[in-house]
1. Within the group 32, 25, which residue is within 16 Å of the ligand (Cβ to nearest atom) and in contact (Cβ under 8 Å) with a residue 12 or more places away in the chain?
2. Just the residues that are acidic (Asp, Glu) and in contact (Cβ under 8 Å) with a residue 60 or more places away in the chain, please, taken from the range 108-156.
3. Taking the range 179-214, which residues are more than 15 Å from the ligand (Cβ to nearest atom), loosely packed, with under 14 Cβ neighbours inside 10 Å and more than 19 Å from residue 163 (Cα to Cα)?
4. Scanning the range 2-22 for residues that are in contact with a helix residue (DSSP H, G or I) (Cβ under 9 Å, 6 or more places away or on another chain) and either open to solvent by 20 Å² or more (accessible area, probe 1.4 Å) or on the phi > 0 side of the Ramachandran plot (or both), which turns out farthest from the ligand (Cβ to nearest atom)?
5. Can you go through 13, 63 and tell me which one is under 19 Å from residue 264 (Cα atoms) and part of a strand (DSSP E or B)?
6. Just to check your reading of the model, which residue among 51, 55, 73 is open to solvent by less than 80 Å² (accessible area, probe 1.4 Å), within 15 Å of the ligand (Cβ to nearest atom), modelled with pLDDT under 95 and more than 22 Å from residue 193 (Cβ to Cβ)?
7. When the range 203-242 is examined, which residues are found to be assigned to a strand (DSSP E or B) and either among the charged types (D, E, K, R) or touching a helix residue (DSSP H, G or I) at 6+ places or on another chain (Cβ under 8 Å) (or both)?
8. Are there strands (runs of 3 or more DSSP E) fully within the range 120-202 with at least 3 residues that are more than 15 Å from the chain's Cα centre (by Cα) and at negative phi? List them.
Amino acid sequence: MPVDLRSRLGHVELPNPIMTASGCAGAGRELAQFMDVSRIGAFVTKSVMLGPRSGRPTPRMAETPSGMLNSVGLQAPGIDAFLQRDLPWLLSRGARAVVSIAASTVAEYAELAARLSDAAGVTAIEVNLSCPNVEHRGLVFAASPDDSASVTDAVRSQARYDLPVVAKLSPDVTDIVAIAKACVSAGADGLSMINTVLGMVIDTDTMRPHLAGLTGGLSGPAIRPIAVRCIWQVREALPGVPIIGMGGVRTGQDALELILAGASMVSVGTTLFHDPSACVRVLHELEEELTVRGVETLADVVGLAQQPGAITRALSPNVRARRT
Ligand code: RRO
């Protein structure tokens, strides 16, 4: 019997838990030649702002041990072009579109939420909180529980009632649980974690920083243990809140690790740069990992690593017998 991979996000049911990670596959066209974008649970877009942006100067990428650093700087076409061109394309391909939004003020986030609520076909809004808040000394919203809550509240108030709002958290904070709680109290239907980890690379030949933007976001397998820790901590504090986990997922086994920590959905990001069909592969591998463990329903293993007593109950009788 196939594994029941369905996953819930607010009012929405997804057929399976695998998604793209925001920023790693644009608005989908780049991936479509390598995979069917309707096969995965949802396609998460690069963060869209109100206006178009060309991003930071190059170089914007650096390879690092088991990962990469990026400082793209929110290059994106703006909400008008997104709604006219990118969203219709995703919908024409049968994709469930989770639209990531980014802004410099609370009012801009609210306006983006209103624009997306007026457009038909959006599956959910992911609120990228890792943007500088021009009204608060340029401190990223994600660094402050109050600022994160203000944005979440504004987006939730403007978003259609049936459109789930997911707040995307940064690991670069002292207490991620405090930020998660602030977002949920402000109305977030789910949380996604983790955004990249702020890092820097210096070129020892030029003796200067490698990235034109100086600092950048570290992603890839190097950050997976940080993602697992963040997901674990937030799941422990807020067990009923759906978590989209991401951070260095390359295989179905990696996805299962995030699920056992507490994620009910998993995004694949940096891996797409060398394996553009990775989402569909990870989906098959995850199903296989669950099958060999005798798991029939994905929901049974979400956060299971935190409940030692429940592990045997989630497994089929034959697998249970083999473990004892
Ligand atoms: O565009 C970027 O440079 C970027 C963004 Br908005 C983000 O949220 N995370 C990241 O690693 N890069």
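1. Among 32, 25, only 25 is within 16 Å of the ligand (Cβ to nearest atom) and in contact (Cβ under 8 Å) with a residue 12 or more places away in the chain.
2. Of everything in the range 108-156, those that are acidic (Asp, Glu) and in contact (Cβ under 8 Å) with a residue 60 or more places away in the chain turn out to be 111, 126.
3. Within the range 179-214, 202, 203, 204, 205, 206, 207, 208 qualify.
4. Within the range 2-22, the subset in contact with a helix residue (DSSP H, G or I) (Cβ under 9 Å, 6 or more places away or on another chain) is 2-8, 16-21.
From what is left, the residues that are either open to solvent by 20 Å² or more (accessible area, probe 1.4 Å) or on the phi > 0 side of the Ramachandran plot (or both) are 2, 4, 6, 8.
On the way: 2: 35, 4: 32, 6: 28, 8: 25 Å.
Among them, the one singled out is 2.
5. It is 13.
6. Just a single option satisfies the conditions, and that option is 55.
7. The answer is 203, 208, 219.
8. 197-200
The values are calculated or read from the model by the stated rules, or taken from the named source; none is laboratory data. Since the structure is predicted, the reported quantities are computational estimates derived from the model, not experimental observations. Note that each Cβ is placed from the backbone with ideal geometry, even for glycine, and that neighbours are counted across all protein chains shown. Remember, those area values only see protein heavy atoms, side chains included, never the ligands or the DNA or RNA. Shrake-Rupley method; radii C 1.70, N 1.55, O 1.52, S 1.80 Å.
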